[in-house]
1. If we restrict to alpha carbons, what Rg and Dmax does the chain come to, in Å?
2. Let me have the 222 nm mean residue ellipticity of the chain computed from DSSP H runs of 4+ only, each contributing -39500 (n - 2.57), with the sum over all residues rounded to the nearest 500.
3. Given a Förster distance of 45 Å, report the FRET efficiency between residue 184 and residue 123 from their Cβ-Cβ distance, rounded to the nearest 0.05.
4. What percent do you get for the relative contact order of region 139-187 when only Cα pairs under 8 Å and 6+ apart count?
5. Just grab the label-to-label distance for residue 235 and residue 37, each label 7 Å out from Cα along the Cβ direction, in nm (one decimal).
6. Can you bin region 71-171 into rounded, prolate or oblate? Criterion: square roots of the alpha carbon gyration tensor eigenvalues sorted a ≥ b ≥ c, rounded for a/c under 1.5, prolate for a/b above b/c, oblate for the rest.
7. Would you mind calculating the relative contact order of the chain from Cα pairs under 8 angstrom and at least 6 residues apart, reporting the percent as a whole number?
8. GNM on the chain, C-alpha springs below 10 Å: top fluctuator among 232, 113, 148?
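Throughout, read-outs are computed from the coordinates displayed, never taken from laboratory work. Here the structure is a predicted model, which is why all the values come from computation and not from measurement. As a convention, Cβ positions derive from the backbone with ideal geometry for all residues, glycine included, and neighbour counts pool all protein chains shown.
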């Protein structure tokens, strides 16, 4: 977050880092207070069509600017090990899934078998947020723009299209998954996925998004593994979220959607 100050990516200023666990029981940091509202509903029902359009433009511009940053140049050369990010992510989430597996899901088995052998060769490295979605953004209370991007715990150096594919689930999944649009008609002012991605390409100077279905399918696979973990906690009686049973049930249909997208 400190490295991103002045980059065009809206982040709170970092004020203090304390690594002495004796103070409150763990290391901690203090950041600037940002006056804003979490974007809990991507439909933005209280906003005008013009505001929705500008907020979505601000959202994708912030992600594109993040991916365009010279990460070594801003002091993040030791932030994470670059290279082989996609393959490492497949292994990580396969391991996570196996650790929480409660039943056989044929679609997940097909994905686990198929994904490692079809990793696109277009290796790229960029700062990735890791969970760039509306719920991790603060919207300015008076202006139609993103006031701050929060929750950087999953950030690392990785492939930008993994980050973008995760973000695009906003347009590919339904309200039962992330409160997203799915097959619903988005409200006036909200762009289509194609329009949203076109602006990203314009800012990052891309002419295309190669292997796009792979990255979207991988994002679905990842979330299926997360939902399976929730299901395991429900069955163990350790899930606290009252919506956990519904979330846990989404692993199978999300994996099946990923398989359908890849044609496997």
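1. 18.8, 54
2. On the way: 9 runs with 115 residues, N = 264.
Dividing the helical sum by the residues of the chain leaves -13500 deg cm²/dmol.
3. On the way: r = 36 Å, r/R0 = 0.80.
Plugging the Cβ-Cβ distance into 1/(1 + (r/R0)^6) gives 0.80.
4. Working: 29 pairs, mean separation 8.6, N = 49.
Computed over region 139-187, the figure is 18 percent.
5. Label-label distance for residue 235 and residue 37, simple model: 4.1 nm.
6. Numbers: a/c = 2.28, a/b = 1.43, b/c = 1.60.
Because a/c hits 1.5 or more and a/b fails to exceed b/c, region 71-171 counts as oblate.
7. Working: 400 pairs, mean separation 61.9, N = 264.
It comes to 23 percent, rounded to a whole number.
8. The residue that fluctuates most here is 113.
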